[in-house]
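Written below as structure tokens is the structure these notes are about.
The values are calculated or read from the model by the stated rules, or taken from the named source; none is laboratory data. What you see is a predicted model; the values in this text were computed from it and never measured. With ideal geometry, Cβ positions are generated from the backbone for all residues, glycine too; neighbour counts draw on all protein chains shown. SASA here: full protein model, heavy atoms, side chains in, ligands and nucleic acids out. Shrake-Rupley method; radii C 1.70, N 1.55, O 1.52, S 1.80 Å.
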Amino acid sequence: MMKTMNDVDDINKHSFPIPSFTHKPHGCDGGAHENPVVDVSSSDIAPRHRSYGYSGSNNFLVLDGSKDTLSTESMKQLLPWTKKKMKSICSKKILYRRIPILDWLPRYNKSCVVGDFIAGITVGLTLIPQALAYHSIVGLPPEYGLYSSFIGCFIYIVFGSCKDVPFGPSAANAFLTAQAVKGRGPEHAILLAFLSGIVQLLMGFFGLGFIIDFVSGPVSSGFTSAVALIILTSQVKDILGITTSGDTFIATWESIISEIHNTNKWDAIMGFSCIFLLLVMRVIGSTKFKVEDEVKPKFYQTIFNKITWFIGTGRNAILVLICGYIGFIYCSNDKPPFRVIGNVPKGIPAFKIPSFGFEQVQNGTMKSFSFFEMVSNLGSGIIIVPLVGLLEDIAICKAFANGKPVDATQELIAIGLCNIGNSFVQGYPGTGALARSAVNNSSGVRTPLGGLYTGILVIASLLFFTPYFYYIPNAVLGAVIIAAVAFMVEVKVVKPMWRSKSIGINIISILYHAARPKLSFENLKTPDGVEYLMLTPDRSLIFPSVDYVRNLVLKHSKRQGIPVVIDCTHIYGADYSAATVIHMLTNDFTSRNQPLFFVNLKPSVYSVFEGLSPKGFVVFYNINELEEYFKKDPNNRKTKEII
């Protein structure tokens, strides 16, 4: 039965009574919220108190009636909310955001065609030798790099939000794929592409692009530099023409040192010469003739700048063509003195569903792999590969955004679909690559349609040029990778990182503050002279922090033995563990007859606390109501002394 304010004096004979009444909130026609255990539900908020400055939440919703009434009311509110949500999702704005081609395609013109064509072809000439070179990183035949390089280009045109992202294999993704696959064959790599795409797509649908904000600049630089050093190490064997083993950085270098006496001098000469030439061509590419009149530059200045630009951007393709021709000459006369790629199958890969289980001959016996075995074999790579792919992609988007916001959620959807597409043409996971994006941007790309020409060029190479890939020396591909990843090692960030907090310290700091919220303690008096202790936590109550908060409250409350008020102004959330501790806390106070009150409690937090029906759970929604209650006991305003 509902109790009224007139019943207060008869409820408890304690020196400072624990209140047990409910009151109908102001402006609510129905009855007040009833709970036989929760003692107080107060009226709506009064204005901010002129002396103490506390204010409560006026968003507390009180519903009358049974659970059936609550369900009916909830359903009545849910239906229009659902309709509104679906309408917003299907709006033109959202449609254009999730399918960006609808936004830029109507504005496409002839100047865009020229810029995209030049950029697309240039990126293609960079991508093809890189895709072939990555085979030694990922541990798959060379053609799988090309299989991973065209379908994603087409899909990104429709769903990509950044014109400068050229989707395809990257050195970091190839390395992480190799770590996950561990030499188990292309079936595992193809399944990894599919699962990576699914993970990225789900992250996009659930709006988890914000996760990238938790990766700081130093962490990203440190990771990139470490991967670059490992990749560089993996290519030393091709430069020296030796065979090495080892799955770790140290083990690989130990193997290199033990095999260095078997170095093939022709591989070494070609490898180191190619590295030197690539670095020289890189410098040439950054050299420009100073133009005095930019409006009407002289003819020779224009020609010089275009030649140096072509040498710089096309250096990989130029060197691969030259060394491939040298390999062709040697192979035509006799066996070449250096190692070459060998046969690369001709034609576009078959479009088919990735293997969710397969059979393979191992040591003369047929071994079957189920889908679950394959997933187990890939392990954490299913999460790490898509996250690192997102990291690379967003880094590109931010680098060329010119201050505009980057839609990480849309990029997740785009690269997720690209990776799923890769898996259907027997490709391994890909993402945007920073080196190719720089080429793309400097080549004058206007829209994501530049990927169309890149993809077409890759398909043309599969259809017509694979017989010529046979003659490309392994040393030149190793040089291409080394010359590229060497500049990924960010030496300049080492000193600032050393002086600043590392990722471990940052994590510890975040966890510490989550587990140890600050509590302010104030001894206050009401206008009538009632003394009480005000405790104010500075953040929400969650699992790591609740025991700590409880201990502090008990410590200070026992010491003073006066009524305790917990100001919940800054508590915006709580979990089950917090509700359990509140239940224990109210029991502690009730057992020793010491009043405990909560003020400014948010409705969402109230519902969590109420779930366990804590005994002696007294809530006031503003400080004025608390002071009004204190007036009810003018004689004994202090609890019994705690012994």
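Treating only the Cβ atoms of Lys and Arg (+1) and Asp and Glu (-1) as charged, compute the dipole magnitude of segment 529-601 about its Cα centre; round to the nearest 20 debye.
In debye, rounded to 20, segment 529-601 gives about 220.
If you place +1 on the Cβ of every Lys and Arg and -1 on the Cβ of every Asp and Glu, how big does the dipole about the Cα centre of segment 93-166 come out, in debye to the nearest 20?
My answer is approximately 400 debye.
Can you give the three extents of the C-alpha atoms in segment 580-626 along their principal axes, from longest to shortest, in whole Å?
On the principal axes, segment 580-626 reaches 26, 23, 12 Å in Cα extent.
State the dimensionless ratio Rg/Rh of segment 220-348 (Rg: radius of gyration of Cα atoms; Rh: Kirkwood radius).
1.10
With label points built 7 Å along Cα→Cβ from the Cα atoms of residue 353 and residue 604, find their separation and express it in nm.
For the pair residue 353/residue 604, the computed spacing is 4.1 nm.
Could I have the simple spin-label model distance between residue 442 and residue 298, label points 7 Å from Cα toward Cβ, reported in nm to one decimal?
Taking the simple label geometry, residue 442 and residue 298 are separated by 2.4 nm.
Skip the ligands, DNA and RNA, and give the accessible area per residue of segment 404-444 with a 1.4 Å probe, whole Å². Please list the in-between numbers first.
On the way: 1020 Å² over 41 residues.
About 25 Å² of surface per residue is accessible.
Quick one: pull the percent of accessible area on segment 141-248 belonging to carbon and sulfur, 1.4 Å probe, ligands and nucleic acids left out.
Within segment 141-248, the accessible surface is 70 percent carbon and sulfur.
Take each of the peptides 582-594, 440-452, average the number of other beta-carbon atoms within 10 Å over its residues, and list them starting from the highest.
Packing order, densest peptide first, comes out as 440-452, 582-594.
Once both labels are modelled 7 Å past Cα along the beta-carbon direction, what's the residue 262-residue 384 spacing in nm?
2.8 nm
Of 380, 354, 280, whose Cα points farthest to the positive end of the dipole of segment 267-396 (charges on the beta-carbon: +1 Lys, Arg; -1 Asp, Glu; origin at the Cα centre)?
It is 280.
If packing is taken as the mean number of other Cβ atoms within 10 Å per residue, what is the order of 197-209, 224-236, 551-563, highest first? Show your work: numbers first, answer last.
Values: 197-209: 18.4, 224-236: 19.9, 551-563: 16.3.
Sorting 197-209, 224-236, 551-563 by mean packing, highest first, produces 224-236, 197-209, 551-563.
In terms of modelled amide H atoms, which long-range or inter-chain residues lie less than 5 Å from the amide H of residue 597?
564, 565, 566
So for segment 557-617, taking the charge dipole from beta-carbon charges (+1 Lys/Arg, -1 Asp/Glu), which of 581, 604, 593 sits furthest toward the positive end?
593
For a protection proxy built on the mean count of beta-carbon atoms within 10 angstrom, sort 312-321, 115-124 highest first, please. Walk me through the numbers on the way to the answer.
Numbers: 312-321: 20.6, 115-124: 22.8.
Ranked from most to least packed, the peptides come out as 115-124, 312-321.
Where nothing but the Cβ of Lys and Arg (+1) and of Asp and Glu (-1) is charged, how large is the charge dipole of segment 239-311 around its Cα centre, in debye to the nearest 20?
Roughly 560 debye, rounded to the nearest 20.
Rolling a 1.4 angstrom probe over the protein heavy atoms, how many square angstrom per residue are accessible across segment 242-389?
That works out to 66 Å² per residue.
Suppose R0 equals 25 Å; then what is the FRET efficiency for residue 330 and residue 310 from their Cβ-Cβ distance, rounded to the nearest 0.05? Before the final figure, lay out the partial values.
Numbers: r = 28 Å, r/R0 = 1.11.
For R0 = 25 Å, the calculated efficiency reads 0.35.
Using the Cα centre of segment 83-187 as origin and beta-carbon charges of +1 (Lys, Arg) and -1 (Asp, Glu), tell me which of 185, 152, 136 is placed farthest towards the positive end of the dipole.
Sorting the options by dipole projection puts first 152.
Tell me the trypsin sites (Lys or Arg not before Pro) within segment 341-421 that lie in a loop according to DSSP and have at most 16 other beta-carbon atoms within 10 Å.
Loop-located and lightly packed - 346, 352.
Could you look at segment 255-402 and say what percent of its accessible area is carbon and sulfur, using a 1.4 Å probe and all protein chains?
Values: 5990 of 9420 Å².
Its accessible area is 64 percent carbon and sulfur atoms.
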